[in-house]
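Enquirer: Just passing along the structure, written as C-alpha cells.
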Amino acid sequence: MNRIAALVLFILLFNCKNNAQEQASQQSAENKTPVEVPIKNGKARAYFASGCFWCVEAIYESVRGVEDAISGYSGGHTKNPTYEASNTGRTGHAEAVEVIYDPNVVSFETLVDVYFASQDPTQFNGQHPDYGSQYRSIIFYQNDTQKNIILKKKDVLSKALNAKIAAEVLPFKKFWEAEDYHQNYERLHPNNSYIKSVSIPRLKRFKAKMPEVLKNVSH
C-alpha cells in the first residue's frame, strides 16, 4: 500500500470512529432524557415499580388524592410487553404502576414517601416472595425537579437505615398497560391465596406507617 492510500484509509477510519462516538453519545443523551407526561383534566401521572403490581396498585389507590392506579410494564427495551414475556426477565421491563393523581391534593414528593414506606427499600431485585429483574424497584422521573426529589429522599433514607437503597432512578420513557385481568386484582380477588397472604398484609403494613395520607381519614 502506498503512502497516499494509507493516508486515505487512516482518514476514513478516523471519521468512522468519530461518527460512531457521536452516535453513541447522542443515544446516551437520549436515554437520559425523560418523557414528561402533561397534566390532563387537572390530573398528573407518576410511575413506580416495587415488586408485584397487584400490591403496588392497591397501595396507591388507598392514598388520598390518587384517582387511579393502573398496572403495567416499564423500564425495558421491548415494545408491547406481555405478562408472559415480562416474566422471563428478558424484556428489561419491571412490573410498574401508573398513578393518576390530583397534584393539588397530593404531591409527587408524598407519592415518593408512599413508595419507600410500602416496601423493603433495601431489598434488591424484587420484594418477597417475588424475585427477579421484572420485580425490581424503580422510581421513574419526568423532569429534573422530580429527579432531585427522588435522589434526596433516597439519600436521606440510606443514611437513616445505614444501608444501600435498592430503587433504581430512571428517566420515564413509556408505560405499557398490562392485560385487563391484572387491573384492580386485589379488589376483585380478595380470596386469592396470594392476595390474602402477601398483598393485603403489605397494604396493612403501609397503612399503619402512613395513616395520615389515607382516603376517608378525618383530620
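The values are calculated or read from the model by the stated rules, or taken from the named source; none is laboratory data. Note that this is a predicted model, so its numbers are computed, not measured. Methodologically, a virtual Cβ is constructed for each residue, glycine included, from the backbone with ideal geometry; neighbour enumeration extends over all protein chains shown.
Enquirer: Would you check which residues across the range 148-177 are touching a residue at least 12 places away in the same chain (Cβ under 8 Å) and farther than 18 Å from Q127 by Cβ and list them?
Expert: So in the range 148-177, the residues touching a residue at least 12 places away in the same chain (Cβ under 8 Å) come out as 149-151, 153-154, 157, 161, 163-177.
If the condition is that a residue be touching a residue at least 12 places away in the same chain (Cβ under 8 Å) and farther than 18 Å from Q127 by Cβ, then I149, I150, L151, K153, P171, F172, K173, K174, F175, W176, E177 are the ones that fit.
Enquirer: Which one of these is over 13 Å from the mean Cα position of the chain (by Cα) and aromatic (F, W, Y): F116, F124?
Expert: F124
Enquirer: Looking at the range 189-206, which of its residues are of a type outside the set (S, T, N, Q) and either assigned to a loop (DSSP other than H, G, I, E, B) or buried (at least 17 other Cβ atoms within 10 Å of the Cβ) (or both)? Lay out the reasoning, then the answer.
Expert: First, pick out the residues of the range 189-206 that are of a type outside the set (S, T, N, Q): 189-190, 194-196, 198, 200-206.
Within the range 189-206, H189, P190, I195, V198, R202, L203, F206 qualify.
To keep it simple, each residue is scored yes or no on (1) among the hydrophobic types (A, V, I, L, M, F, W, C); (2) free of Cβ contacts under 8 Å to residues at least 60 places away in the same chain.
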site	(1), (2)
S50	no, no
E57	no, no
A69	yes, yes
T82	no, no
A85	yes, yes
R90	no, yes
P103	no, no
V106	yes, no
D113	no, no
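Enquirer: Six or more apart or on different chains, Cβ under 7 Å: which pairs go from a residue in the range 202-219 that's over 19 Å from E186 (Cβ atoms) to one that's at pLDDT 95 or above and assigned to a helix (DSSP H, G or I)? Could you list them?
Expert: V217/P211
Enquirer: Within the range 90-140, can you find the residues that are under 23 Å from K209 (Cα atoms), modelled with pLDDT under 95 and of a type in the set (G, A, S)?
Expert: G126
Enquirer: Quick check on E186: is it within 21 Å of E61 (Cα to Cα), buried (at least 16 other Cβ atoms within 10 Å of the Cβ), in contact (Cβ under 8 Å) with a residue 40 or more places away in the chain and among the charged types (D, E, K, R)?
Expert: Spelling it out, E186 is indeed within 21 Å of E61 (Cα to Cα), buried (at least 16 other Cβ atoms within 10 Å of the Cβ), in contact (Cβ under 8 Å) with a residue 40 or more places away in the chain and among the charged types (D, E, K, R).
Enquirer: Right, next: Here are K164, K174: which of them is within 21 Å of L111 (Cβ to Cβ) and of a type in the set (D, E, K, R)?
Expert: Answer to the check: K174.
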